[in-house]
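Presented below is the structure to which this report refers.
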Amino acid sequence: MSTDAEFADAQPVPPLPPKPPRRPTAAAAPGPRPADDPQTAVLRRVPPMPPLPPSAPAAPAATGPLPVPPRPAAPPRAQPAGGAPLPPRPDRAPGSPAPTGPARTGQAAPGASQPPAFRDTAAFHLARSQDLWSGPGAHTAGRPSPVPWPRSPLPRPGAVHGTGAPAAPFRRPGARVLTAAACLILGIGLIGGAAAGGWLTEDASGAAPTAEAVFAKGRDVWHDTPVDTLFPRTVKGLGAGPGGADRTWTRIAVAPDTGCSGAYDTELAAALAPAGCVRLLRATYVDATRSAVITVGAQTTKAAPATMTALNTRFSSKNLGTRTDSMPLPYAAKGTAAEDFGPAQRASWTVRVLTDIPAVVYAVSGFADGRTFTAPQPAEAAVRPGTTTAPAESGLGHDAKDLADRIEADFRKAAGSPTPTRQASS
């Protein structure tokens, strides 16, 4: 049992300050309640003043309201049942390594006391959640990466980083890439080979062909060349008419390729018989005024070069092409402007025996209205300046000569003749 002697040295406990007088309750005024009034602040309950230590002087009696203590930085943590103290909160996330380097500027050093509220800020959680953004391994030496994005571009294969460490090894291409590359190289090689072959062929073809090659190719022109090449649909003759007038001829009919029987008068057929006949091609043209019709033809022969040369000499020396009983016959296609073009309507003609290719080219002209001529004139005579005959003044001689020149040039070109030399005409 204690006595008063035991408390002789104890400091006297200051008396508790009296409670402030209660304000009278004001009558309820009309209007919104304080909780609903936007201009009324609802105050919290002020905790009581903690007791003073024994050595502190007694506080004077308060005559007004007590001062409000400062608000704590974080709400106090709830105590578990039984009164046991809570364990201290760790200063880093579970599994994170302990910091080893110096603290950053503005960051407390390890071990320094930090208020519990620091761990509840957004900056703290963002700094501690880099693994959610950048994946595991984003922390280096226990510190979060300052800026996890954007990432630096990957180095090129074989490049060296700025720190001197070699770059990641280059990945080998897959089988598809290798196959595509092989196909590309093969295709380039094939194209290059074809181009080289074309250049070689072009160089070889650029050389002048031999006379034997041209003569042999000329025998196949009639079935190797399109008809529109040998007999164009439209032929323009600049300055080909009387007095240098321009002429235009339009093809109106093409005869099927046939033999040579019935294509010439008797004397002309007998003169061409030594050369033989492989095929005869014919076409009929009309001039721009549709008043003149012209039949052109090309006979492919069986003769050798020597025979064709001898035949050309015979036609030139004996004037076989200028005789009125040695004229070619026209091709009078039904339903065209040349329908009435018969033997009696022939006004001018020309016959050429070629020597570089096995061919005989001819042309015969007349009026489209069916008028007859009793004195036809060879084309070479009708085109001479100063000639006043009907074939000369009507331009029928010019029509026969110029169209024969054009068909002759087309046959020579198709045979590959390098020098389309004009042969003797008769």
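Consider segment 361-388. How many of its residues are assigned to a loop (DSSP other than H, G, I, E, B) and closer than 24 Å to residue 283 by Cα?
Within segment 361-388, residues that are assigned to a loop (DSSP other than H, G, I, E, B) and closer than 24 Å to residue 283 by Cα number 8.
Can you tell me which of (1) touching a residue at least 60 places away in the same chain (Cβ under 8 Å); (2) loosely packed, with under 14 Cβ neighbours inside 10 Å; (3) β-branched (Val, Ile, Thr) is the one residue 293 doesn't meet?
(2)
Residue 309 - would you say it is of a type in the set (Val, Ile, Thr) and either open to solvent by 20 Å² or more (accessible area, probe 1.4 Å) or over 60 Å from the mean Cα position of the chain (by Cα) (or both)?
Considered against the rule, which asks whether it is of a type in the set (Val, Ile, Thr) and either open to solvent by 20 Å² or more (accessible area, probe 1.4 Å) or over 60 Å from the mean Cα position of the chain (by Cα) (or both), residue 309 comes out as yes.
Please indicate, with yes or no, whether at least one residue in segment 404-413 is within 16 Å of residue 292 (Cα to Cα) and surrounded by 19 or more Cβ atoms within 10 Å (Cβ to Cβ).
Within segment 404-413 (the criterion being within 16 Å of residue 292 (Cα to Cα) and surrounded by 19 or more Cβ atoms within 10 Å (Cβ to Cβ)), the answer is yes, since at least one residue qualifies.
This table checks each residue for (1) over 24 Å from residue 339 (Cα atoms); (2) buried (at least 20 other Cβ atoms within 10 Å of the Cβ); (3) polar (S, T, N, Q).
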| residue | (1), (2), (3) |
| --- | --- |
| 251 | no, no, no |
| 271 | yes, yes, no |
| 276 | yes, no, no |
| 288 | no, no, no |
| 298 | no, yes, no |
| 304 | yes, no, no |
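Within segment 335-360, take every residue that is of a type in the set (A, V, I, L, M) and assigned to a loop (DSSP other than H, G, I, E, B) and give me the one that is surrounded by the fewest Cβ atoms within 10 Å (Cβ to Cβ).
Looking at the filtered set, the residue picked out is 337.
So, of the residues in segment 314-328 that are in contact (Cβ under 8 Å) with a residue 24 or more places away in the chain and open to solvent by 40 Å² or more (accessible area, probe 1.4 Å), which turns out to be farthest from residue 369 (Cα to Cα)?
314
Restricting segment 375-397 to residues that are in contact with a strand residue (DSSP E or B) (Cβ under 8 Å, 6 or more places away or on another chain) and of a type in the set (A, V, I, L, M), which is most open to solvent (accessible area, probe 1.4 Å)?
390
The values are calculated or read from the model by the stated rules, or taken from the named source; none is laboratory data. Owing to the predicted nature of the structure, the values given are computational and were not obtained by experimental measurement. Heads up, the Cβs are rebuilt from the backbone with ideal geometry, glycines too, and the neighbour counts pull from every protein chain shown. Only protein heavy atoms, including side chains, enter the accessible area calculation; ligands, DNA and RNA are left aside. Shrake-Rupley method; radii C 1.70, N 1.55, O 1.52, S 1.80 Å.
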